[in-house]
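Since the structure comes first, as structure tokens, the remarks are kept for the end.
The values are calculated or read from the model by the stated rules, or taken from the named source; none is laboratory data. Bear in mind the structure is a predicted one, so any value in this text is a computation, not a measurement. Here Cβ is always computed from backbone atoms with ideal geometry, including for glycine, and neighbour counts include all displayed protein chains. Surface accessibility is based on the protein's heavy atoms, side chains included, excluding ligands, DNA and RNA. Shrake-Rupley method; radii C 1.70, N 1.55, O 1.52, S 1.80 Å.
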Amino acid sequence: MRGSITIFMSLIFTVILSLFCTLIESGRIMAMEAKLTGITRMGMDSAFAGYASPLFEDYGVLFLWTGDRDFSEIVEEYISWNLDMDKGVLPRNTDLYRMKLQSLELTEIKRATDDSGGIFAGQVKEYMKYAALEGAADELMNQAELLGQGTGLINICKKIKEIGEVFEKTEEKISGVREALDKIQNIRGNPEEALSGMKDLLEVMEVRIAGGEDIAVQLDDYRQRAAQLVAMADDCTQKLKEVEEKIDEYEDSMSEIREKAVRMEKELQEEDGQEANSLLQEEVRSLTGQGEDYYGMSSKRETVERYLEKMDTIREILANARMPDMDNLESCQDELEIVRKTFQDFTFGELQMETVSEGSHEEGESLLAYVKRMREEGILGLVLENPGEVSGERIAGENLPSAGGTTEVEETKSLINKAVDRLVYSRYLTDHFGTYAHPKEETALRYELEYILGGGTTDKENLAAAADKLLLIREGCNMLSLLKDKTKRDEAYQMATILAGFTGMPALVTITWFVILGAWAYAESILDVKSLLKGEKITVIKNEDQWNLSLEGVISAGSQKGAVNSVQENGMDYEQYLQIMLLMQSSQQQYFRTMDVIQINLCKRYNPDFRINECICSAEISTGFSARQLFISLPVVQKMLGKKEGEYQIHVTGKYKY
């Protein structure tokens, strides 16, 4: 009886022990999962805690740079350290988890250059949230307004310059037509001389035939003169075709002007809010007509075509003409008379083009020649008093983030959000990078913002590129100022009338007027950029009192006669204009060039091996752990549960982002 009770209690105790061990093992498994999740997160936190401190201290952006080490290796090291009980206070045999790291896979990683530089730009935006920007909202809004205005100004200026460039090509075509016509004038008297000689030969041959004398010598001479006439006809045909080609080129050029004028008029009608539009539309409309006969080219074309037909007639007569003999002397004389009359019908006066005396062109040519010379000269020589003082710093173009090229990506943000992001980013650039006006110390390039705009490998190259862009903006602004000033508009129109009024073509006068306004605006812009680089301020749209250069000063080929150095306290300085240009630049191009500057500066200051395209902003890992069964590994429990001893496989995902 006593033994039966003992067996019964043993069975009950075995069941209770199995249940108790299973419950403990379940708790152990849940605790392991929680601990491994924490260990994985700690590993990621520990790895990202080693951020590139020079990058943060100098430029305010958080990125992890691992140098020669692999990111996965660093995270694995931190996770393994936290799993190792020997690193703790308690002895190893007190470890009830006994977990091991089996695998670690990097499933996602975002570096500074990813998303076309958007990752880097996101860090800049995060930094600027906490930067002290007192009064920045009003300033940025003003800059946004200037951005829209500046873009419109540049577009208008480009359209006017396009028409002016086509006009210059048209003038070259006119010169080509004149030269071709002059060549025709040179052959005018030669056919008469040849025909007269052939007629005299026929009379001599008639006398010699009547006297029974030989006419072989006269026949050879007659053949030579006939061949000369054919050659003259061929020469004249070739020159007439050359005239025809030049007329075609001229008309193509005028068609291009009309097409550009039509597009420009349409764009001016579509763009609202630009005061210059209404001023330009009426003048542009005069260029869009299709019925004008510029320089009488249509009538000249008809004359050329008629003369070409006559040349064909002459060649046909001479090709079919028989040599003179006793029976056909009279018919030969009739053929020569037809040829003579055909040549006499040429009235070369119909092909002449009127020219204007040099005196009437003198002032206008001086103006245009001066502006052309200025455009061909290096910009720095025009706008700097001491070009030799420009920084000579140079960088190597390889291994830079922008060296691999950038890809434009379509942004899904609203227009307002995109505008705000660009404004914030441009403010970041002006706060952290040097310029020609205020260069920073210990930098690879002295003019950093100019590099971001230009992308050249030398300070001189980047400053020239920035000055060119600044010149374009000022040229558009000054063109608006001229268009708003009736006195200056009239003065330019008078000059245009002197240059092109002799043609009687209002459209050509209008084109010349555009060219003169552009030349005047360009010359004024040279003075503006020079003042900005000296540290002075220039108003966006000038009034009459703020204008510096008279048209007479431009005409006098750069003497700046009548120039006034006006002080403009309410204008913008050089760096403010740079910020406007930054707002107009491609975002992706700007991001990569910013990273270029940061990389070359950190290489110079701290570590020559630093590469910003290796800098990590966020990562995701997938880890696999194993742990042996513990409480259910007892033989009695395994037998009760019907299981064999084994291992648990636990997978954990870890993420981190700055």
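Any residue at all in segment 596-610 that's at pLDDT below 85 and open to solvent by 50 Å² or more (accessible area, probe 1.4 Å)? No.
Figure legend. Inter-residue proximity from segment 493-520: first residues open to solvent by 10 Å² or more (accessible area, probe 1.4 Å) and hydrophobic (A, V, I, L, M, F, W, C), second residues modelled with pLDDT under 80 and not in a helix (DSSP H, G or I), beta-carbon distance below 8 Å, spacing 6+ or different chains. Indicated pairs: Phe502/Glu354; Phe502/Val356; Met505/Glu292.
Ser46: among the polar types (S, T, N, Q), crowded, with 19+ Cβ neighbours inside 10 Å and part of a helix (DSSP H, G or I), yes or no? No: the conditions fail for Ser46.
Quick check: is even one residue across segment 70-80 open to solvent by less than 50 Å² (accessible area, probe 1.4 Å), of a type in the set (A, V, I, L, M), within 30 Å of Tyr606 (Cα to Cα) and not in a helix (DSSP H, G or I)? Within segment 70-80, not a single residue is open to solvent by less than 50 Å² (accessible area, probe 1.4 Å), of a type in the set (A, V, I, L, M), within 30 Å of Tyr606 (Cα to Cα) and not in a helix (DSSP H, G or I). Selection of first residues in segment 569-588 that are crowded, with 20+ Cβ neighbours inside 10 Å and of second residues that are part of a helix (DSSP H, G or I) and β-branched (Val, Ile, Thr), restricted to Cβ pairs under 6 Å at least 6 apart or on distinct chains, gives the following pairs, ordered by first then second residue: Gln579/Thr430. Could you list all residues from segment 43-87 that are in contact with a Gly (Cβ under 7 Å, 6 or more places away or on another chain) and closer than 30 Å to Thr443 by Cβ? Passing the criteria: only Leu64. Filter segment 234-263 down to the residues that are over 28 Å from Val515 (Cβ atoms) and surrounded by fewer than 16 Cβ atoms within 10 Å (Cβ to Cβ) and list them by number. Passing the criteria: Asp234, Gln238, Lys241.
Within segment 606-618, is even one residue assigned to a helix (DSSP H, G or I), touching an Asp or Glu at 6+ places or on another chain (Cβ under 8 Å) and under 20 Å from Arg111 (Cβ atoms)? Before the answer, list the steps.
Initially, segment 606-618 is screened for residues assigned to a helix (DSSP H, G or I), giving 612-614.
From the residues that got through so far, the ones that are touching an Asp or Glu at 6+ places or on another chain (Cβ under 8 Å) too are none.
No, every residue in segment 606-618 fails to be assigned to a helix (DSSP H, G or I), touching an Asp or Glu at 6+ places or on another chain (Cβ under 8 Å) and under 20 Å from Arg111 (Cβ atoms).
Somewhere in segment 539-562, is a residue hydroxyl-bearing (Ser, Thr, Tyr), within 30 Å of Asn386 (Cα to Cα) and at pLDDT below 85? Working first, answer last.
Within segment 539-562, the first condition is being hydroxyl-bearing (Ser, Thr, Tyr), and the residues that meet it are 539, 550, 556, 559.
Then keep just the ones that are within 30 Å of Asn386 (Cα to Cα); that gives 539, 550, 556, 559.
Imposing the further condition that a residue be at pLDDT below 85 reduces the set to 556, 559.
Yes; the residues of segment 539-562 include at least one that is hydroxyl-bearing (Ser, Thr, Tyr), within 30 Å of Asn386 (Cα to Cα) and at pLDDT below 85.
Within segment 104-115, the residues that satisfy the criterion of being part of a strand (DSSP E or B) and surrounded by 13 or more Cβ atoms within 10 Å (Cβ to Cβ) are Leu104, Leu106, Ile109, Lys110, Arg111.
Are there any pairs with C-beta distances below 6 angstrom linking a residue in segment 296-317 that is part of a helix (DSSP H, G or I) to a residue that is at pLDDT 75 or above and of a type in the set (S, T, N, Q), with the two at least 6 apart or on different chains, and if so which? Once the first residue is part of a helix (DSSP H, G or I) and sits in segment 296-317, its partners that are at pLDDT 75 or above and of a type in the set (S, T, N, Q) give Met311/Thr237. I'd like the full set of residues that are part of a loop (DSSP other than H, G, I, E, B) and at pLDDT below 90, limited to segment 454-497. Across segment 454-497, the qualifying residue is only Asp485.
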